[in-house]
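To keep things clear, I will list the structure first and then write my remarks on it.
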Amino acid sequence: MLIGRQVECERIERLVAEAREGRGGALLIRGEAGIGKTSLLGHAQGLAGEDLVLSARGIETEAEIPYTGLWDLLGPILELRDRLPEAQANALGQALALGPEGTPARFAVPAAVLGLLSVATEERAALCLIDDLQWIDAPSVEAIVFAARRLGGESVAMLLAAREGTGRRVDTTGVEEIGLGPLAPASSAELLRREHGDRLSWAVAGELLTAANGNPMALVELPLSLSEDQLVGRRELPPVLPAGQSLEEAFRRRLSVLPDETREALVIAAAASGSEDLSHLSLALGRMGLDPGALDPAEAAGVIALEEGRALFRHPLLRAAAYHEATPPDRRAAHRALAETAAPGA
């Protein structure tokens with residue numbers, strides 16, 4: 001159970017259990033950066049068992065590319081498209097560039113999404129996890145929310161997470177919503193003790209609790225950006241900022257101590273968006289004159305995880321920090337290297 005999130009975890013557990021009984025539904029979790037939305041989606045994934053898991057995550061740099069969100073979410077079940085009514089199958093194929101050519105009818109794509117989820121869950125339940133909804137492209141959001149409102153008779157549990165204060169504000173009228181607020185003081189103190197208790201003086205812990213203002217990610221990340229002298233109170237802490245700014249600054253400081261070539265490699269990994277395949281990244285790194293080992297310090301620092309042939313950022317804000325701290329020419333060079341190495345014969 002996540003510290004301080006018992007009510008939310010229990011609601012998610014009920015959602016999953018009801019979907020397995022054929023009483024599907026959707027739940028939207030809203031909140032500021034670092035407040036625990038992604039962790040709650042992770043809790044849901046841990047409940048999946050034999051359920052089908054479908055997932056998508058909005059990427060800021062792809063927010064205007066139509067249907068990228070649907071491509072990510074439905075990829076594992078697109079082989080079932082031929083079981084849909086012809087009009088829906090054709091519309092979904094047109095939307096996802098699978099053929100036939102043409103512009104899909106607006107209603108047909110959302111209907112196809114709901115139909116495909118229904119077909120995919122004839123023998124087992126499905127868990128749909130959509131993170132950073134505010135950066136999912138508009139046509140995908142329209143289709144996803146359409147389906148979310150109509151899952152009552154399906155074996156589908158859908159969890160949506162949206163960050164407040166950035167990106168597209170999504171109208172999810174008709175979908176149950178949870179506003180995720182700060183942790184209670186006692187829960188904040190428990191989380192800080194669990195993550196950093198042996199390293200902090202009492203006075204420093206109090207200052208960090210104030211700075212984090214109940215934001216779980218800030219409680220975990222802020223101490224990682226401090227020196228040992230600061231943690232035990234021998235040196236003054238940096239100026240206390242509002243929690244969101246403190247978190248972003250902590251990520252920037254965490255990246256700033258990495259070697260130059262590692263930060264350059266992270267720009268390429270961040271630009272790769274949902275295509276974090278290590279073999280592709282290695283080719284792109286080579287095109288930029290970098291060795292794949294340049295990512296190793298980032299893995300050691302907990303910025304990325306190298307697993308199952310992919311390079312995954314530990315948190316969307318780390319990806320955003322790595323990308324936006326780079327200069328525009330460096331970002332363009334990263335995208336160019338990725339495009340050139342993805343081309344046939346590269």
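The values are calculated or read from the model by the stated rules, or taken from the named source; none is laboratory data. Just so we're clear, the structure is a prediction, and the values are computed from it rather than from any experiment. With ideal geometry, Cβ positions are generated from the backbone for all residues, glycine too; neighbour counts draw on all protein chains shown. The area values use the complete protein model at the heavy-atom level, side chains included, leaving out ligands, DNA and RNA. Shrake-Rupley method; radii C 1.70, N 1.55, O 1.52, S 1.80 Å.
A few points about this structure:
- Taking Ala334, Ala320, Ala305 as the candidate residues, the one with maximal mean-square fluctuation in a Gaussian network model of the chain, Cα springs under 10 Å, is Ala305.
- Label point distance in nm, Arg234-Ala186, each placed 7 Å from Cα along Cα→Cβ: 3.6
- Peptides 50-61, 165-176, ordered by how many other C-beta atoms sit within 10 Å of their residues on average, highest first, read 50-61, 165-176.
- DSSP-defined beta bridges in the chain - what % are antiparallel, rounded to 5: 20
- Most mobile of Ala26, Ala157, Ala97 in a GNM of the chain (Cα contacts under 10 Å): Ala97
- Carbon and sulfur %, accessible surface of the chain computed with the full protein complex present, 1.4 Å: 50
- For Pro259, the shell of other residues with beta-carbons less than 14 Å away shows a net charge of -4, using +1 for Lys and Arg and -1 for Asp and Glu.
- Projected label distance in nm at Glu21 and Trp202, using a 7 Å step from Cα toward the beta-carbon: 5.0
- Rolling a 1.4 angstrom probe over the protein heavy atoms with all chains in place gives the chain an accessible area of 47 Å² per residue.
- Between the range 64-122 and the range 268-329, the Cα center-to-center distance that results, in Å: 30
- Comparing Pro110, Pro76, Pro216 in a Gaussian network model of the chain (Cα springs below 10 Å), the most mobile by mean-square fluctuation is Pro76.
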